[in-house]
Amino acid sequence: MKKLFALLMSLTLLLALAGCGGDQPSNTPNQGGAPNASASSITPAAITERGVLRVGVKTDVPGFGLQNIADNTYSGIEIDLSYKIAEQLGVDKVEFTPVTAATRGQLLDSGDIDMVAATFTINEERKQSWNFTTPYYTDAVSLLVKNDSGIENFEDLTDIVVGVATGSTSKAALIAAAAEAGVTLDEDKNFAEYASYPEIKAALDAGRVQAFSVDGSILAGYLDNTNHIVESIRFSPQDYGLASKKDATEWAEYLDGLITGWLADGTMAQIVADNGVVASYTE
Ligand code: GLU
């Protein structure tokens with residue numbers, strides 16, 4: 001019995017070492033039986049061979065990732081970047097998957113997408129989980145408020161509820177920026193978390209929250225004649241990077257090489273300008 005148990009244990013260990021039952025997604029095409037089972041199946045060569053680049057993008061961020069529902073086309077900096085990367089790979093098809101702040105990491109981890117190009121802020125904590133390229137754009141966090149709110153500075157936030165997205169950097173950034181200005185915001189009392197930006201906008205319109213906080217680029221998609229962005233409250237630079245699955249190191253280096261090159265030769269600035277996005281955040 002003991003022997004059988006030991007045999008079973010070593011078999012399990014062997015299987016685990018060989019990568020069986022690991023996190024290989026079921027829909028990842030066979031990459032021709034890569035001999036090294038621990039290497040990622042997401043490599044530039046594998047994507048080229050597959051003939052499709054799979055990218056997680058935003059659908060509701062004008063200038064970055066915007067979906068035109070009528071014809072299911074996408075536009076923005078992150079869309080143009082995706083097509084340019086596909087061109088470099090010799091791939092003529094790009095498959096866009098809508099992502100949110102709460103879903104983009106999981107979609108990378110599962111291997112359902114090759115990269116995220118979705119206003120994804122680079123920070124130390126996230127770098128533990130995913131690879132990020134050099135930043136291709138820097139935004140700042142701000143607040144969207146109703147025109148009659150009277151909100152102009154951090155002190156005005158102590159008695160209100162701010163809507164933020166689950167999985168975003170916004171809440172921590174706002175608490176830190178207010179603290180720097182000598183204002184204490186309560187993580188629970190002053191915030192309400194929502195899964196999506198349209199829900200925060202609806203909450204703002206219904207008066208359930210008195211401010212909507214996230215990167216200025218994202219807020220721009222929710223401007224209408226009843227609200228405005230508080231120009232005097234812009235804080236916490238948000239460096240956007242292309243993200244890839246942690247073990248896809250060759251792919252991450254490839255992406256970083258492209259972004260670095262495009263920042264140096266003016267291609268990146270051209271893409272930003274082509275999409276009508278003006279300035280990057282400066283202190
Ligand atoms: N850029 C911020 C973040 O990565 C805001 C959230 C978002 O991108 O949706 O957390």
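Observations, loosely collected:
- Among the listed pairs K84/K146; K58/K245; K189/K245; K171/K246; K201/K245, those whose Cα-Cα separation exceeds 28 Å are K84/K146; K189/K245; K201/K245.
- Each residue, E253 and A192, gets one label point 7 Å from its Cα in the Cβ direction; the gap between the two is 4.9 nm.
- Here's the list of aspartates and glutamates a cross-link from K93 could span, going by alpha-carbon distance under 19 Å and ignoring same-chain residues fewer than 8 apart: E49, D71, E78, D80, D112, D114.
- The order of the peptides 103-109, 84-90, 261-267 by mean Cβ neighbours within 10 Å, most packed first, is 103-109, 84-90, 261-267.
- Space enclosed by the convex hull of the alpha-carbon atoms of the stretch 217-263, per residue, Å³: 124 Å³
- Remark: the stretch 85-126 is approximated by an ellipsoid whose semi-axes, taken from the C-alpha gyration tensor as √(5λ), come to 21, 12, 9 Å, largest first.
- Taking N as the residue count of the stretch 139-283, its C-alpha radius of gyration divided by 2.2 N^0.38 Å amounts to 1.18.
- Computed from the C-beta positions of A269 and Y83 and an R0 of 22 Å, the FRET efficiency is 0.80 to the nearest 0.05.
- Here the contact order of the stretch 140-232, divided by its residue count and restricted to Cα pairs under 8 Å and six or more residues apart, works out to 49 percent.
- Per the Debye calculation on the stretch 111-180 with a single equal scatterer at every Cα and no solvent contribution, log₁₀ I(q)/I(0) for q = 0.17 Å⁻¹ amounts to -0.79.
- Length gained on full extension, L223 to S110: 37.2 nm, using 0.36 nm per residue less the C-alpha separation.
- Length released on extending from R126 to S232, taking residue separation times 0.36 nm less the Cα-Cα span: 35.3 nm
- Cβ-Cβ FRET estimate between K93 and A45, R0 fixed at 25 Å, reported to 0.05: 0.95
Computed from the coordinates by the stated procedures, all read-outs in this text should not be read as laboratory data. Keep in mind that what you see is a predicted model, and the values were worked out from it rather than measured. No Cβ is skipped: glycine too gets one built from the backbone with ideal geometry, and neighbour counts run over all protein chains shown.
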